[in-house]
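Working notes, structure below.
The values are calculated or read from the model by the stated rules, or taken from the named source; none is laboratory data. Here the structure is a predicted model, which is why all the values come from computation and not from measurement. Glycine gets a Cβ as well: all are built from the backbone with ideal geometry, and neighbour counts include every protein chain shown. Remember, those area values only see protein heavy atoms, side chains included, never the ligands or the DNA or RNA. Shrake-Rupley method; radii C 1.70, N 1.55, O 1.52, S 1.80 Å.
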Amino acid sequence: MLKKEKILLTGKNGFLGRIIFDFLTRSEYEVESLGRSDDNTYRIDLNLSENIKLNQQYDTIVHAAGKAHTVPRTKEEEEEFYNVNYHGTLRLLKALENNPPKHFVFISTIAVYGLDEGELILETAPLNATEPYGKSKVLAEKAVIEWCEQRNCIYSILRLPLVAGAQPPGNLGAMIKGIKSRKYFRIGNGKAKKSIVLAEDVAQIIPTVSTIGGIYNLTDSIHPSFQQIEDTLAKRFGVKIISLPAILAKLIGYFGDTINFILGKRKFPLDSRAYRKITRSLTLDDTKAQQQLQWKPKSVLDFLRNNINL
């Protein structure tokens with residue numbers, strides 16, 4: 001019997017991490033995990049632990065742990081992104097010094113490009129992140145690349161847009177909840193397009209990409225508009241979406257800026273930042289993944305129509 005490939009996964013308890021763990025386990029890999037909760041093989045907090053000891057040799061590391069889905073309002077909150085996403089990655093790499101893996105897969109983000117808008121952005125675009133989330137991921141990417149190149153370890157970096165799946169976090173989860181509860185408004189005409197990808201598809205490409213290596217954008221190759229996503233969900237839940245004129249939404253965004261500044265945190269959901277994201281198209285080009293990985297993703301709109309666990 002052939003020996004099973006041994007994989008160490010970080011971030012198993014996150015939204016994407018759970019899906020990656022389930023897929024790899026079903027695929028008969030020997031999967032161990034590192035994280036803060038008791039159900040991990042190694043109960044270790046990468047944010048705090050300076051001297052991590054791993055007593056095994058792994059064929060592949062899948063580093064999905066990270067901090068996202070929040071907007072920092074203080075210096076301390078900004079530093080937390082760097083501590084988790086960058087310094088946490090450095091601590092993991094240091095722990096692997098004595099037993100480097102053959103492959104290292106790093107889960108990154110579209111935020112590294114630092115763009116609010118753009119059409120079919122390529123992997124070769126400048127990494128001009130300006131916010132702590134994106135900047136910390138840029139630093140982590142560079143650390144992974146340098147470490148792997150020095151040790152002949154094949155590295156793969158997956159830059160992800162909005163990730164969809166059952167009960168998703170972040171903006172998509174908020175949209176689903178708002179439409180379900182009839183507390184959601186369409187902003188303007190909803191024509192802005194966004195790249196989006198299914199978590200399950202990301203999980204399924206990991207065994208392929210880990211042995212090939214490289215930097216890849218991953219999307220569902222459709223780039224639906226807000227209107228398409230909203231209409232799909234509205235039909236699914238049997239509700240009608242009311243539109244909010246763009247100029248009124250923009251004014252409300254300014255009001256939201258003031259409220260959030262006074263509170264010191266992002267409590268009012270529609271501020272100027274949210275308005276820009278909703279009204280501007282931002283899409284990734286995933287041609288490289290299609291050509292080199294035979295990337296054939298499923299439609300997120302089909303998933304939203306048919307999945308029973310939204």
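A few notes on this one:
- Contact order normalised by residue count of the chain, Cα under 8 Å, 6+ apart, percent: 19
- Per residue, the chain reaches -12000 deg cm²/dmol at 222 nm when only DSSP H runs of four or more residues are counted, each adding -39500 (n - 2.57).
- ³J(HN,Hα), Karplus 6.51/-1.76/1.60, whole Hz, each residue of segment 239-254, x for Gly, Pro: 10, 10, 9, 8, 8, 10, x, 4, 5, 5, 4, 5, 5, 4, x, 5
- Antiparallel bridge percentage (DSSP; both residues within segment 111-247; nearest 5): 10
- Debye-sum result for segment 198-299 in log10 I(q)/I(0), which assumes one identical scatterer on each alpha carbon, at q = 0.15, 0.20 Å⁻¹: -0.84, -1.00
- Here each label is just a point 7 Å from Cα along the line to Cβ, and for E131 and S243 those points are 2.7 nm apart.
- Other-chain or far-sequence residues with amide H under 5 Å of L284's (modelled H): L120, I121, S195
- The distance between label points at T287 and N99 comes to 4.3 nm (points 7 Å beyond Cα on the Cα→Cβ vector).
- Tilt relative to the chain, helix 170-180 - C-alpha long axis, 0 to 90 degrees, to 10: 40
- Among beta bridges identified by DSSP and lying wholly in the chain, the antiparallel ones come to about 5 percent.
- When the charge dipole of the chain is built from unit charges on Cβ atoms (+1 for Lys and Arg, -1 for Asp and Glu) and taken about the Cα centre, the candidate among T41, S299, N189 whose Cα reaches farthest toward its positive end is N189.
- Cα shape, segment 58-135, gyration tensor, a/c 1.5 rule: oblate
- Stokes-Einstein diffusion coefficient of the chain, Kirkwood radius over Cα pairs, 4 °C, 1.567 mPa s, in µm²/s: 63
- With every protein chain in place, the chain: carbon and sulfur % of accessible area (1.4 Å): 52
- Surface accessible to a 1.4 Å probe, per residue, for the residues of the chain, Å²: 51
- Directionally averaged projected area (convex hull, Cα atoms, segment 1-113), nm²: 8.1
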